[in-house]
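See below for the structure under consideration.
Bear in mind that the values in this text are calculations on the coordinates, not laboratory data. As the structure is a computational prediction, the values presented were derived from the model and not from experiment. Positions of Cβ are generated from backbone atoms using ideal geometry, with glycine treated the same way; all protein chains shown enter the neighbour counts.
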Amino acid sequence: MSDLKPLVGIIMGSQSDWSVMRNAVERLESLGIACESKIISAHRTPERLDQYCRAAKDRGIQVIIAGAGMAAALPGSAAAITPLPVLGVPMEGKMMGGLDAMLAMTQMPPGVPVGTLGLGKAGAINAALLAASILALSDEKIAKAYDDFRTAQTAGVPEEPKDD
Ligand code: RP5
């Protein structure tokens, strides 16, 4: 983890979300973007949520990525408190494959937006990239790192398939 001041706050409802949310951390770090990771539950630790979201902007956090499963109230609850952009990552769950969490995150009442990504690992990676693109609007170093990532990704796609 970098010593730089974190620009992205990654919060998750449970330790059990970490194996997915660490993909967001790894993607941000690969782009040179400092982040911090915290376990904060809308239901189990509501005071921690309130304190974190009230202080985040003044501490220099610019984007919050919130991962949660089941009722998945975390991103919406965070968005209700902080003016920062909140990106939601629904966890794949045992009961409905995570569709329950995805719908919960998506169906925010008008006026309190959450930018919900796809389920699980892909969602966590894309949340990090979306956070990078937001930060890139006001940070040339991040803009270059994000452009370089996109260029390398494109160059890495072969024109023709081959047998495994
Ligand atoms: C949610 O409930 C968490 O985000 C997690 O995805 C889910 C289950 O939590 P644990 O019972 O594994 O702690 O709040």
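Within 10 Å, count the other beta carbons around each residue, average over each peptide in 119-127, 146-154, 60-68, and list them highest first. Please report the intermediate quantities before stating the final value.
Values: 119-127: 21.2, 146-154: 11.7, 60-68: 25.0.
Ranking the peptides 119-127, 146-154, 60-68 by packing returns 60-68, 119-127, 146-154.
In a simple Cβ point-charge model (Lys, Arg +1; Asp, Glu -1; nothing else charged), the chain has a dipole of about 580 debye relative to its Cα centre. Farthest towards the positive end of the charge dipole of the range 86-164, among the residues Pro158, Ala145, Leu103, is the Cα of Leu103, using unit charges on the Cβ of Lys, Arg, Asp and Glu.
Of the listed pairs Lys94/Lys144; Lys141/Lys162; Lys57/Lys94; Lys57/Lys121; Lys57/Lys144, which have alpha-carbon separations greater than 30 Å here?
Values: Lys94/Lys144 39 Å; Lys141/Lys162 36 Å; Lys57/Lys94 35 Å; Lys57/Lys121 26 Å; Lys57/Lys144 24 Å.
Over 30 Å apart, Cα to Cα: Lys94/Lys144; Lys141/Lys162; Lys57/Lys94.
Which whole-number percentage describes the relative contact order of the chain, with Cα contacts under 8 Å and a sequence gap of 6 or more? It rounds to 22 percent for the chain.
Taking θ as phi - 60° and the Karplus parameters 6.51, -1.76 and 1.60, the scalar couplings of the range 123-133 work out to x, 5, 5, 5, 5, 5, 5, 5, 4, 4, 5 Hz in sequence order, x denoting glycine and proline. According to the square roots a ≥ b ≥ c of the eigenvalues of the Cα gyration tensor, what is the shape class of the chain, taking rounded for a/c under 1.5, prolate for a/b larger than b/c otherwise, and oblate for the remainder? Oblate, since a/c reaches 1.5 and b/c is not below a/b.
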